[in-house]
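All remarks here apply to the structure that follows.
What follows draws every value from the coordinates through simple rules; no lab data is involved. Given the structure is predicted, the values throughout are model-derived calculations rather than measurements. Ideal geometry is used to build each Cβ from the backbone, glycine not excepted, and the neighbour counts take in all protein chains shown.
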Amino acid sequence: MTVDTKKDQLLTIAGKTYQSRLLVGTGKYKDMAETKSAIEMSGAEIVTVAVRRTNIGQNADEPNLLDVISPDKYTILPNTAGCYTAKDAVRTCRLARELLNGHDLVKLEVLGDQKTLYPDVTETLSAAETLINDGFKVMVYTTDDPLIAKRLEDMGCVAVMPLGAPIGSGLGIRNPYNIRMILENAKVPILVDAGVGTASDASIAMELGCDGVLMNTAIAAAKDPVLMARAMRFAVESGRDAYVAGRMPRKLYASASSPMDGLII
Amino acid sequence: MIKIHVNGDILEISENATLSELAKHMSLEGKLYAIEVNEDIVPRSEHPQFSLNENDIIEVVQAIGGG
């Protein structure tokens, strides 16, 4: 028997379609070889990178990330991680666009403080406006506030990415009801970004109806990152299929699975 | 020689050196990078003609692992 996967639509972000609904980061891996293996195993097509100063001469032989994760093969999604003001985030995006030969899809994140890495929403709104006016296609990391998510969509962000829990915390989807409220109102893809700790967290996000999940630490900080990348690939696929299939209704009492007719007693 | 600031460090480079020469000095040839001079991005196509001046503040960035 073949599964009718045509019932489901592909993920489309800024006019481009993707087979995979799992987006992965490239941070915190042991080395480039592990980065490459884990990302390949995850099946992800959109891969986030950070923009940082090159070192001045030293370690010149170290492989460049984009030699390993080629922009010809993957959609590179530069982020603004580490930015605490709209100005710094906009500056980083402009550098990323130059770096990637005009590629204008970016992940905007403006952080509020180092302890929580929680999004600074007012700075995020300000940066999003500047970037959109400057022609960027903005995938925006934000809180799980349904009103802010809608506002970011209305401004023209191509995807809204509420957190499940703080970045790198692995606490899972802390407020599924808010994610559902965001989904109900959304006309752009909604992706859970941050907070996933293990495969079931990714499935929960997808079962809620999210269009995708973005994660980094859950894979990179696993004891076996490559195996966890595989687990996450299947978790996102399973969660999505379950969402599209539609779960059975919950009931308080039992409902026998075997027929009552033909019992020997 | 002139002094310029590159990624927060002081670097001495010959007068009239261009951004292309700086990139070569930093072993960046063939890699994907972007350069800002005094907070303005200089497009890669202009690097061969773009001469550096004393006290220019330069940022040279590349993509690295991140989430």
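With R₀ fixed at 41 Å, the C-beta to C-beta distance from A:T122 to A:L227 puts the FRET efficiency at about 0.50. Panel order for A:M260, A:M206, A:M41, by other beta carbons found within 10 Å of each beta carbon, from fewest to most: A:M260, A:M41, A:M206. Label separation (A:V244 vs A:K16): 2.2 nm, computed from points 7 Å beyond Cα along the C-beta direction.
Cβ-Cβ distance of A:Q9 and A:L147, R₀ of 22 Å, FRET efficiency by 1/(1 + (r/R0)^6): the value works out to about 0.25.
Computed about its Cα centre, the charge dipole of region A:79-171 is approximately 180 debye, with only Lys, Arg, Asp and Glu carrying charge at their Cβ.
When +1 charges are put on Lys and Arg Cβ atoms and -1 charges on Asp and Glu Cβ atoms, the dipole computed for the protein assembly as shown relative to its Cα centre reaches about 1340 debye. Applied to region A:22-32, the Karplus parametrisation 6.51 cos²θ - 1.76 cosθ + 1.60 on θ = phi - 60° returns per-residue 3J(HN,Hα) values of 9, 10, 10, x, 10, x, 6, 7, 5, 7, 5 Hz, with x for Gly and Pro. Calculate the FRET efficiency for A:T85 and B:K3 from the Cβ-Cβ distance with a Förster distance of 30 Å, rounded to the nearest 0.05. It comes out at approximately 0.55. Rounded to the nearest Hz, the phi-derived 3J(HN,Hα) couplings of region B:11-17 under the Karplus curve 6.51 cos²θ - 1.76 cosθ + 1.60 (θ = phi - 60°) are 10, 9, 9, 5, 4, 6, 4, where x marks glycine and proline. Pairs from the list A:K16/A:K187; A:K137/B:K24; A:K223/B:K31; A:K16/A:K107; A:K115/A:K223; A:K73/A:K107 with a Cα-Cα gap above 21 Å: A:K137/B:K24; A:K223/B:K31; A:K115/A:K223.
Sequentially through region A:78-83, phi angles give Karplus couplings (6.51, -1.76, 1.60; θ = phi - 60°) of x, 10, 10, 3, x, 8 Hz, Gly and Pro residues having no value and appearing as x. Distances between placed amide hydrogens fall under 5 Å for A:D193 paired with A:L163, A:G164, A:L214, all partners being 5 or more residues away or on another chain.
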